[in-house]
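Visitor: Handing you a structure now.
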Amino acid sequence: CKEEAVILLGPHSLLCGGGKMSSLVVDFYYDCISPYSWYAFEVLCRYQRLWNLTINLKPMFLGGIMQTTGNRPPGMVPAKALYAGIDNSRNAKYFNVPTRPPPNFTEIMFKTLQFMRVLASVSIHYPEKLESTTRECWMKLWHRNESDLSKEFYLSWLKDSGIPKDKISFILESVKTSEVKNRLKANTEDALKAGAFGSPSFVFTSSSGQQEFFFGSDRFPVVAQVFGLEWLGPDPA
């Protein structure tokens with residue numbers, strides 16, 4: 001984690017990469033265009049030790065989910081778009097996640113494939129950096145509003161995520177490979193098979209084999225009820 005993220009998000013944001021042997025596995029399907037996915041990501045990280053979680057980060061392509069299911073992004077529905085600004089402001093405070101909508105959101109909404117392929121590449125080649133690269137993507141898009149998606153954006157993003165300087169070009173070139181494209185496609189197809197129609201989507205599996213699908217950053221109290229866990233709010237400091 002970068003120091004900036006620790007200050008803004010609290011000490012529990014450090015837990016995503018550690019913790020005890022888990023009795024509950026969660027496959028977390030997400031696209032970084034979604035601020036609600038950022039809220040959910042941080043809650044999962046904060047609860048990793050409390051709920052004894054193993055978190056499998058699964059970057060997917062939200063555009064493919066929307067097209068396949070016939071869903072529409074909130075930004076394409078006028079009433080939802082108007083409400084989204086209010087809702088995000090409330091949720092930023094509730095979840096203690098510093099979201100600020102990017103000024104060019106409508107533009108980048110149609111350009112997520114490239115940066116999700118970058119995350120797919122990181123998941124293959126540097127899985128130990130997937131958490132930091134995922135969080136840094138949200139920090140750039142949804143906090144610092146560094147959202148021009150230029151070459152400089154990608155170079156800065158990977159550098160600030162802790163990817164070794166001599167490996168950054170490799171990651172950026174690898175997004176053109178079948179291996180990376182197929183990983184993102186497979187994650188997206190797996191999400192669809194699980195029942196996904198948007199982001200964030202989760203599949204929780206208990207040690208006894210109970211498996212449950214959930215959608216949305218506001219479903220954690222229900223997750224707790226289903227699996228007999230304790231819910232202490234979105235930021236149990």
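The values are calculated or read from the model by the stated rules, or taken from the named source; none is laboratory data. Owing to the predicted nature of the structure, the values given are computational and were not obtained by experimental measurement. Here the Cβ positions follow ideal geometry from the backbone for every residue, glycine too, while neighbour counts run over all protein chains shown.
Visitor: If you take just the helices (runs of 4 or more DSSP H) that sit entirely in the range 89-142, which of them hold at least 1 residues that are modelled with pLDDT of 95 or more?
Guide: Working: elements: 105-108, 112-125, 130-142.
The helices (runs of 4 or more DSSP H) meeting that bar are 112-125, 130-142.
Visitor: Let me ask you something else. Tell me, please, whether a residue that is under 17 Å from the mean Cα position of the chain (by Cα) and polar (S, T, N, Q) can be found in the range 165-180.
Guide: Our first condition is that a residue be under 17 Å from the mean Cα position of the chain (by Cα); within the range 165-180, this holds for none.
No; the residues of the range 165-180 include none that is under 17 Å from the mean Cα position of the chain (by Cα) and polar (S, T, N, Q).
Visitor: Considering only residues that are among the aliphatic types (A, V, I, L, M) and surrounded by 18 or more Cβ atoms within 10 Å (Cβ to Cβ), which ones fall in the range 81-101?
Guide: Our first condition is that a residue be among the aliphatic types (A, V, I, L, M); within the range 81-101, this holds for 81-82, 84, 86, 92, 97.
Answer for the range 81-101, where residues must be among the aliphatic types (A, V, I, L, M) and surrounded by 18 or more Cβ atoms within 10 Å (Cβ to Cβ): 84, 92, 97.
Visitor: In the range 145-201, how many residues are of a type in the set (Val, Ile, Thr), part of a helix (DSSP H, G or I), out of contact with any Ser or Thr (no Cβ under 6 Å at 6 or more places or on another chain) and more than 30 Å from residue 218 (Cβ to Cβ)?
Guide: Filtering the range 145-201 down to residues of a type in the set (Val, Ile, Thr) leaves 163, 168, 171, 175, 177, 180, 188.
Remaining after also requiring part of a helix (DSSP H, G or I): 168, 171, 180, 188.
Checking which are out of contact with any Ser or Thr (no Cβ under 6 Å at 6 or more places or on another chain) leaves us with 168, 188.
If we keep only those that are more than 30 Å from residue 218 (Cβ to Cβ) too, we end up with 168.
Of the residues in that region, 1 qualify.
Yes or no, residue by residue, for (1) within 18 Å of residue 147 (Cβ to Cβ); (2) more than 15 Å from the chain's Cα centre (by Cα); (3) among the charged types (D, E, K, R):
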| residue | (1), (2), (3) |
| --- | --- |
| 37 | yes, no, no |
| 71 | no, yes, no |
| 90 | no, yes, yes |
| 97 | yes, no, no |
| 101 | yes, yes, no |
| 111 | yes, yes, yes |
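Visitor: Scan the range 125-155 for residues that are buried (at least 19 other Cβ atoms within 10 Å of the Cβ) and acidic (Asp, Glu) and jot them down.
Guide: 131, 136
Visitor: Follow-up. Could you list, in sequence order, all residues of the range 206-225 that are touching a helix residue (DSSP H, G or I) at 6+ places or on another chain (Cβ under 7 Å) and among the aromatic types (Phe, Trp, Tyr)?
Guide: Across the range 206-225, the qualifying residues are 213, 214, 220.
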